[in-house]
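Novice: Sharing a structure below in C-alpha cells format, with a few things to ask.
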Amino acid sequence: MGQLLPNSNEELRTMDEDAEISDLQLIYHVRDALLEVTDGRENYEELVGCLQPKRNLNSHEAAQLVTILKALAGVVSYIDSVHHGTLIFALERMSLWNLATTYKNYDATDIMDALIELLVSLAASKGMYIDWCLERLVRHFTAPKHVMDFLKNENGVDRKNKVLSRVHDALKQIADLVPLAPMRLSPIVVQNIPKRYDVTVHEIVMYVENMLKLESGSIGEIVGSTMLPALVDKLIEFDVEIGLDGKIHEDAKCIFEMELEDIVNFAADDDENYNSMCVSEMLNRKNLQGNKVVEKLDSLIVLTFLHLESCQSSGRLSEVFDTLLTSFKRTVLNTYKSKFTQFVMFYACALDPELCGVKFAIVLRDMFESPVNPPITRMSAVAYLASYLSRAKFLSSALVADIIQRLVDWCFAYCKIHDLDMNPQAHQVFYSGCQAVMYILCFRMKSLMDVPRLRMQLIKMPMLLLWKHKLNPLKVCLPSVVEEFLKQAKAARLFMSAELFVFEDLLEADLSKAFGGMDRLDMFFPFDPCLLKKSEGYLRPHFVRWSRVRTTYDDEEDSDSGSEASDDEFVDLNAKDMMVDDDMIGSVGAGLDFDPDLNKMSITPKSFKYGFKERMERGPENAVES
C-alpha cells in the first residue's frame, strides 16, 4: 500500500467507454498521471474529472470510478499536496452520504468501500494526511441538510447505517495502522461539533450519537476521556443559552406552603393568570415551549441517559462516572446558570446508587470541607449536596444522616473557632453549610426520625448550640428554609423547647442576600424539578417531589385528638410505633401513576411578583414539548 510500482512504458491517452483496461494498467496510468502533472496535465485533468460527482452513473462509470479509487489507494505515496491540489479537492467533495442516497437504481456500496480504502491508505502512508483523512471521516458524523429528509424515508435507517458503520470501521483501521491517530482524532471530533446557531436537533443528535459510539468503541480507552467532557461542555453551552428573564424576587417566604394538588383548580383559569407572571431563575414550562435550544438540550440529555444505561449494562458505568465527575467539577459545579446539565450526574447516580450515588455525595461533602477550594466552589458544592440528598430517592437514610452529621460537626467546629457576631459576607461558607443542613432536614426529617438509631443520631448532634450561636444562622439563612425547618423540628420535638426560636414572621432581609453573594447561592437548589419533558420522564422514578414528602407535622394535622404534647417534654426515644426502615419508602410516595406536571414542586425562590404560592399556580399545561 503506497509502495513504488514498477515503471510502465505504456501510456493510456484515453479512457474510452468501450476500451478494455485491466486494473493493473489503470494503476500504472494513474501513477503516471500523478508523476507527469508538472510536464503535461492532460491525463491528470482527465483523472480528476472522473472523480467529479455525477447525479447519474451507469454500471460502466461506476465500475471505472471504483477502479480509479482503488488505483489511487495503491499509489498514495505519489500524491503531493502542492501539485495535486485539485485531486485533493475532488476527493473532499466525495461524500458517503451522497453516494448512499443519490443513486436510486444503483447500490453504491462498492464505491463507498473504495473511497474508504483510499482514505485509510492515505492516512497510513503519509503522516501529513492523517488529520485530513480523519477530518473527512468525522465530517460524516452528521448528514448534510439535504440528506436529512431522505433519512426519514423507509430505507433511511439502512442507508444511515451503511455510511456510519463504514466511517467507524475506517477510524478503527487507521487507529490500528497509526497508533497515534486516536490522539489526533479527539481534538478533530471536538472541533467539528456543530456550532451553527441554526443547527437542527437531528444534526446535533446524530453527531453526538457518533461521539458516544466512539467513546464506547474499540478506541474508547483513548478518546473516551475527551468525548464525554466535550459533550458536557456542549450541554452547558445550550443550558446557559436558555436565559433567565427578570430578577430574583426578594420575598421567598412561602416556598414550602403550596400544595401541588391546588394547581388543578388554577389550570382552568384564563391565560391572563399566566401572563401576569414573569420568569426569574428558572423558566417555567410554558415559557420553554417552542424553544429550539430547549429541544436540543432535552434530546441530548436523553441521549446521554441512554448511553449511561448502555454503560451500566456493559459494566462500564463506574469508569464513565469518574470521567463525568471530573467534568462536573471542572465545568458544571461553578456554572451558576446551569439548570439541567447536572441531571446527567443525578441519573448516573440513580443507575448505581451504592457506588456512584454514594461517591457523588462524598465528593461534594469533601469539596465543601476542603479549605483549599475557593469559597464560591465550597458554597456551590454544599448547595449541590443539599439538593442531591433531598431529591435523590435512591439514597439510604443512613447515608443522609451521616452526611448531616459531618456538616453539623463542621459548622459547630467553625463556631468554636469564630466566636464572633453575625456577619454574612465574612462567613459565607459557614452559612451555606447551615442552610444545607436545614434544607436536607426539610425533606428528610420525618424519614430519619422514624428510624430509632437515626433519630438518636440526630438528637445527639449539637444543632441546638449551633443555631443559638452568636453567628446566628437562623437570622441569616433563607427565611423560607428556616421557617419550614423550625416547623418540622417543633413537630418532631427535635429540641428540648420550641420556645427557644421564633416561628412566625420570618422575613428575608439583606442578610440572606449578603451570604448568597452576587449569584444568590442562598437561593441555589440545583436539583429542583427538571422542566425538560423528555428528560423528566427518565428522572421521575428516582426523584423526590416536595408534594410527596411526609413532614413531621403531617401526623399532627391529621390527628383527630388535636392534642399536642408540651414543648418542654423530651423526645420519647423508645416509642414502639417507629418504623425501622433505612430508606425513604415510608416518607416518599413510590407510586408513579400520578401526573408528573402536578408534582413539579420547586422550593427555589423565584422572581415572581406575588411570591411563591402564586408562582406554583402555573397549571399542568405548562409542559415542555420537545
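Novice: Inspect segment 84-100 for any residue being in contact with a Ser or Thr (Cβ under 7 Å, 6 or more places away or on another chain), farther than 29 Å from LYS160 by Cβ and open to solvent by 40 Å² or more (accessible area, probe 1.4 Å) and give the result as yes or no.
Specialist: The answer is no; no qualifying residue exists.
Novice: Still on this structure, please answer the following. Restricting to segment 108-133, what's the tally of residues that are of a type in the set (Gly, Ala, Ser) and open to solvent by less than 40 Å² (accessible area, probe 1.4 Å)?
Specialist: Looking only at that region, the number is 4.
Novice: Within segment 225-237, restricting attention to residues that are over 29 Å from PHE443 (Cβ atoms) and either open to solvent by less than 10 Å² (accessible area, probe 1.4 Å) or of a type outside the set (D, E, K, R) (or both), which residue is modelled with the lowest pLDDT?
Specialist: SER225
Novice: Within the bounds of segment 402-414, is there any residue that is open to solvent by 10 Å² or more (accessible area, probe 1.4 Å), closer than 22 Å to ASP366 by Cα and in a loop (DSSP other than H, G, I, E, B)?
Specialist: No, segment 402-414 has no match at all.
Novice: Only one residue in ARG444, ARG493 is open to solvent by 30 Å² or more (accessible area, probe 1.4 Å), out of contact with any strand residue (DSSP E or B) (no Cβ under 8 Å at 6 or more places or on another chain) and either basic (Lys, Arg) or within 20 Å of VAL549 (Cβ to Cβ) (or both), so which one is that?
Specialist: One residue alone meets the criteria, ARG493.
Novice: Run down ARG548, ARG540, ARG453 and say which single residue is of a type outside the set (A, V, I, L, M, F, W, C), closer than 27 Å to GLY357 by Cβ and at pLDDT below 90.
Specialist: Being of a type outside the set (A, V, I, L, M, F, W, C), closer than 27 Å to GLY357 by Cβ and at pLDDT below 90 holds for just one of ARG548, ARG540, ARG453, which is ARG548.
Novice: Considering each residue of segment 328-352, count those that are of a type outside the set (A, V, I, L, M, F, W, C) and in a loop (DSSP other than H, G, I, E, B), and give that number.
Specialist: Count: 9.
Novice: Go over the candidates LYS470, LYS475 one by one and state the one that is part of a helix (DSSP H, G or I), open to solvent by 20 Å² or more (accessible area, probe 1.4 Å), charged (D, E, K, R) and over 14 Å from GLN405 (Cβ atoms).
Specialist: None of the others qualify; the one that does is LYS475.
Novice: Looking only at residues that are open to solvent by 50 Å² or more (accessible area, probe 1.4 Å) and out of contact with any Ser or Thr (no Cβ under 7 Å at 6 or more places or on another chain) in segment 319-343, which one is modelled with the lowest pLDDT?
Specialist: So the residue we want is LYS337.
Novice: Right, next: Test SER218 against the criterion of being within 28 Å of GLN312 (Cβ to Cβ), surrounded by fewer than 16 Cβ atoms within 10 Å (Cβ to Cβ) and touching a residue at least 40 places away in the same chain (Cβ under 8 Å), and give yes or no.
Specialist: Judged against the criteria, SER218 is a match.
The values are calculated or read from the model by the stated rules, or taken from the named source; none is laboratory data. Predicted, not measured: the structure shown is a model, and the values here were computed from it. A quick note on method: Cβ atoms are made from the backbone with ideal geometry, for glycine too, and the neighbour counts reach across all protein chains shown. Calculation scope for accessible area: heavy atoms of the full protein, side chains included, ligands and nucleic acids excluded. Shrake-Rupley method; radii C 1.70, N 1.55, O 1.52, S 1.80 Å.
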